[in-house]
Amino acid sequence: MLTIAIIGCGKVADQHVHAIHRIPDCRIVAVCDREPLMAKQLGERFAISACFSDVKEMLRTASPNIVHITTPPQSHYSLARQCLESGSHVYLEKPFTITASETESLIQLAESCGLKITVGHNYLFTLEMLEMRRLVKEGFLGGRPLHLESYWSYDLGDTSYVGPLLGNRNHWVRQLPGQLFHNIVSHGIAKLAEFLDDELVEITAIANQSEQLRRLGGQEVLDELRVMIRDESGTTAFFCFSTQIKGLNQLRVYGPANSMIADIITGSLIRMRNRSHKSYLTYFIPPLWNAMEHFRNATRNVANFLRQRLYQDFGMKELIERFYNSVRLGGPVPIPHRETILTARIMDEIFAQIYPAADQEAMTPMSRAQSNVPAQRAIH
């Protein structure tokens, strides 16, 4: 039986508790928040009696096997380090840390302590992403990916999040090097990192503020981001984050023979076969194939729903369970550390380009480009 503790009792903690409750042979033994009322309320909602406001006391008293950290990113490094040094494995919500140097430091510490640590990129483990990963391994693309496209959208209509952020210059999101982007885009960047080489030779990032955010009083906060990436092997990638394009959360992978689109919103995977057809068949067969793909996805989703495999936060439950199994069995963590570090390095460089005036001493030592002006630089 694994014993679990949660540090940070805000909204996302509830999602973690629900996911953990779906996993056998584990039990939440403690929750902790620097605001005692937050910890108490989470404990009352889920019948967890051990509630703490001091992390050291919780670690000493509860001695959990695994700690989930769901606090704002600024505290991730120090809290994770504290948990690792006390002997607990760590599940760290995204973004993993503030900088790539912190990411590498935590991973090195975990490895030196013989402990496991992973990042909460749960959208890598949705049903459609699992199927895409399987097909890539089976060679469906006809070779290594040639081009990747990751799209991630966020609705500014969620005023419970955007309102406090814009109304307070000291809001924790405003204190991040990448501000609004920093707290959201790692999900989409991580999808690219899985298929890119460690050596990136070029990143170009541009960002701007939408008219909608300007009307809301966005001040210096940017909310539209476009990034181009090229790795040493020649694979190119495009990342788009938008608050104006509604309901677009996709990963597109293009290979020399075939391609795929994983759609997070509809829970579907569209396989695109690049075959030539004679004469007018070109106008008939590909549309029919696409229609069959959508029908296949619909029937598969119905089947998964009836089998109770299609539910809110399936990806989170799947990632957490795989992480727990790596702790139990001693196998590799579900998200390779290489990908976690590469995601952090890409984010460092993006934020260095779009917010050049910010204090980024810990980031990659590269010349800073002007905001909204494309820049091309080698990443080492």
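The values are calculated or read from the model by the stated rules, or taken from the named source; none is laboratory data. Just so we're clear, the structure is a prediction, and the values are computed from it rather than from any experiment. Note that we place each Cβ from the backbone using ideal geometry, even for glycine, and neighbour counts take in every protein chain shown. Please note that ligands, DNA and RNA were not included when accessible areas were found on the heavy atoms of the full protein model with its side chains. Shrake-Rupley method; radii C 1.70, N 1.55, O 1.52, S 1.80 Å.
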| Flag if Thr126 is within 25 Å of Ala193 (Cβ to Cβ) and either touching a strand residue (DSSP E or B) at 6+ places or on another chain (Cβ under 6 Å) or of a type in the set (Ser, Thr, Tyr) (or both) | yes
| query | From the set of residues in region 169-225 that are aromatic (Phe, Trp, Tyr) and open to solvent by 10 Å² or more (accessible area, probe 1.4 Å), which is farthest from Tyr154 (Cα to Cα)? | reply | Phe195
| said: Please count how many residues of region 56-68 are surrounded by fewer than 22 Cβ atoms within 10 Å (Cβ to Cβ) and farther than 10 Å from Val29 by Cβ. | reply: 3
| remark: Turns out the strands (runs of 3 or more DSSP E) fully within region 196-286 with at least 1 residues that are out of contact with any Phe, Trp or Tyr (no Cβ under 6 Å at 6 or more places or on another chain) and over 25 Å from Leu342 (Cα atoms) are 268-273
| query | Would you call Leu306 surrounded by 14 or more Cβ atoms within 10 Å (Cβ to Cβ) and within 30 Å of Ala19 (Cβ to Cβ)? | reply | no
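Sort out which residues of region 329-341 are more than 15 Å from the chain's Cα centre (by Cα) and surrounded by 13 or more Cβ atoms within 10 Å (Cβ to Cβ), and write them in order of number. Outline the logic, then answer.
Quick first cut of region 329-341, residues more than 15 Å from the chain's Cα centre (by Cα) only: 329-333.
Correct list: Val333 only.
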| Taking into account only those residues within region 263-279 that are farther than 18 Å from Gly142 by Cβ and among the polar types (S, T, N, Q), which is modelled with the lowest pLDDT? | Ser279
| Checking Gly267 against (1) on the phi < 0 side of the Ramachandran plot; (2) surrounded by 11 or more Cβ atoms within 10 Å (Cβ to Cβ); (3) not acidic (Asp, Glu), which single condition isn't satisfied? | (1)
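Answer yes or no: is there a residue in region 49-57 that is more than 21 Å from His187 (Cα to Cα) and at pLDDT below 95. Can you show your working first?
The first filter runs over region 49-57 and keeps only residues more than 21 Å from His187 (Cα to Cα), leaving 49-57.
Then keep just the ones that are at pLDDT below 95; that gives 49.
Yes: region 49-57 contains one or more residues that are more than 21 Å from His187 (Cα to Cα) and at pLDDT below 95.
Quick check on region 309-324: of everything there that is more than 18 Å from the chain's Cα centre (by Cα) and open to solvent by less than 60 Å² (accessible area, probe 1.4 Å), which residue is modelled with the lowest pLDDT?
Start the filter on region 309-324 by keeping residues that are more than 18 Å from the chain's Cα centre (by Cα), which leaves 309-311, 324.
In the following step, the residues that additionally are open to solvent by less than 60 Å² (accessible area, probe 1.4 Å) were identified as 311, 324.
Details: Tyr311: 84, Tyr324: 98.
Of everything passing the filter in region 309-324, Tyr311 is modelled with the lowest pLDDT.
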| message | List pairs: first residue in region 146-158 and touching a residue at least 40 places away in the same chain (Cβ under 8 Å), second residue surrounded by fewer than 16 Cβ atoms within 10 Å (Cβ to Cβ) and charged (D, E, K, R) anywhere in the structure, Cβ distance under 8 angstrom, at least six positions apart or on different chains. | response | Ser153/Lys246; Asp155/Lys246
| message | Among the listed residues Ser78, Ser86, identify the single one that is touching a Leu at 6+ places or on another chain (Cβ under 7 Å), open to solvent by 30 Å² or more (accessible area, probe 1.4 Å) and hydroxyl-bearing (Ser, Thr, Tyr). | response | Ser86
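With respect to Ser233, is the statement that it is touching a residue at least 40 places away in the same chain (Cβ under 8 Å) and either of a type in the set (Phe, Trp, Tyr) or open to solvent by less than 10 Å² (accessible area, probe 1.4 Å) (or both) true?
Numbers: touching a residue at least 40 places away in the same chain (Cβ under 8 Å): yes; either of a type in the set (Phe, Trp, Tyr) or open to solvent by less than 10 Å² (accessible area, probe 1.4 Å) (or both): no.
The answer is no for Ser233.
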| message | I'd like to check something: does region 226-237 contain any residue that is modelled with pLDDT of 95 or more and closer than 20 Å to Ala357 by Cα? | response | yes
| message | Can you tell me how many residues within region 316-333 are over 14 Å from Ile20 (Cβ atoms) and in contact (Cβ under 8 Å) with a residue 24 or more places away in the chain? | response | 3
| said: Pairs needed: first member in region 17-34, free of Cβ contacts under 8 Å to residues at least 24 places away in the same chain; second member anywhere, outside any strand (DSSP E or B) and β-branched (Val, Ile, Thr); C-beta distance under 9 Å; at least 6 residues apart or different chains. | reply: Arg34/Val55; Arg34/Thr71
| query | Arg45 versus (1) touching a residue at least 60 places away in the same chain (Cβ under 8 Å); (2) surrounded by fewer than 16 Cβ atoms within 10 Å (Cβ to Cβ): which is the lone unmet condition? | reply | (1)
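Listed here are the residues, each with its yes/no results for (1) touching a His at 6+ places or on another chain (Cβ under 9 Å); (2) in contact (Cβ under 8 Å) with a residue 24 or more places away in the chain; (3) under 30 Å from Thr299 (Cβ atoms).
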| position | (1), (2), (3) |
| --- | --- |
| Pro164 | yes, no, no |
| Ile203 | no, yes, no |
| Asn208 | no, yes, no |
| Arg214 | no, no, no |
| Val253 | yes, yes, yes |
| Met260 | no, yes, yes |
